[in-house]
1. For the range 228-246, which residues satisfy the criterion of being in contact with a helix residue (DSSP H, G or I) (Cβ under 7 Å, 6 or more places away or on another chain) and either crowded, with 17+ Cβ neighbours inside 10 Å or assigned to a strand (DSSP E or B) (or both)?
2. Within the range 172-193, count every residue that is touching a residue at least 60 places away in the same chain (Cβ under 8 Å), outside any helix (DSSP H, G or I) and either surrounded by 11 or more Cβ atoms within 10 Å (Cβ to Cβ) or in contact with a strand residue (DSSP E or B) (Cβ under 6 Å, 6 or more places away or on another chain) (or both).
3. Out of Tyr170, Tyr162, I need the residue that is at pLDDT 90 or above, touching a Phe, Trp or Tyr at 6+ places or on another chain (Cβ under 8 Å) and among the hydroxyl-bearing types (Ser, Thr, Tyr). Which one?
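The values are calculated or read from the model by the stated rules, or taken from the named source; none is laboratory data. Keep in mind the model is a prediction, meaning the values are calculated, not measured. Neighbour counts are summed over all protein chains in view; Cβ atoms, including those assigned to glycine, are modelled from backbone coordinates with ideal geometry.
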Amino acid sequence: MEAALDDTPARPRQTFALPSGAAYDRLTPLQRRAMVGAIVAAHGAAIWALLQVREVRDAVADVAPIFVSLVAPAPAPAPKIAPPPPPPPTPPVRQPIAPKPRIVTAAPAAAPAPFVVPPPPEPVPPAPVPAPLAIAAPVAPPAPPPPAPAPPRNLSASSVQYLEPLQVEYPRLSKRLGETGVVMLRIFIDEAGRVRDAQVSRTSGHPRLDDAAMAAVQKARFRPPSENGQAVSGYAQVPVDFQLER
């Protein structure tokens, strides 16, 4: 650093001498401050001129002390705490809407109906003349009821005769069991000699024999019964005898 300073060409030094004490005392305070400021400005200009030389500037940079400031590390930032959620918004209270006043407009008055001339009344037809009352003819008396038919007659035994012998079938079971007896039948014979009805008036005591007698008489033919030479009809009693041969 000294060698660098020795190489620098010597410049004439400027000296500023303060005025003597008597002359300084005669200066006013304003002049004193101006003189001191001029001296300070002259020294600052000389220093600035020296710093314009590169060698001087480098030497001053090497000699200048290095200031190290120990700065404490910045504290770690505090964790951010999320702010509490804002309270839910209060629902707006709906004010009741006042109903609008209804304006009732009066309906226009209906136009008067046109005057209509009523039609002339229709002529009233004359009342019908009532027809003369018919005189009812006398009602004939009802005819007398027909005479009741005469009750069927009973034919005599002599007037009842078979045209063919009566064919009676003896039941086999009755033969095996030894059933015998006489069946009395009440039959109705018409004018042609045919049997129209047959009933058991007295049983033989065995139903099989009664049924066999009825079947035989209904198939039989009789002579037409007559009285005084005239054909008649009526009831007759006919016996049917069931006897086993010994």
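1. Result: Val238, Val240, Phe242.
2. Residues that pass the stated criteria total 4.
3. Details: Tyr162 fails: at pLDDT 90 or above.
Being at pLDDT 90 or above, touching a Phe, Trp or Tyr at 6+ places or on another chain (Cβ under 8 Å) and among the hydroxyl-bearing types (Ser, Thr, Tyr) holds for just one of Tyr170, Tyr162, which is Tyr170.
Quick grid of which residues meet (1) of a type in the set (Phe, Trp, Tyr); (2) touching a residue at least 40 places away in the same chain (Cβ under 8 Å):
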site: Arg196; (1), (2): no, no
site: His206; (1), (2): no, no
site: Met214; (1), (2): no, no
site: Val217; (1), (2): no, yes
site: Phe222; (1), (2): yes, yes
site: Asn228; (1), (2): no, no
site: Val232; (1), (2): no, yes
site: Ala236; (1), (2): no, yes
site: Leu244; (1), (2): no, yes
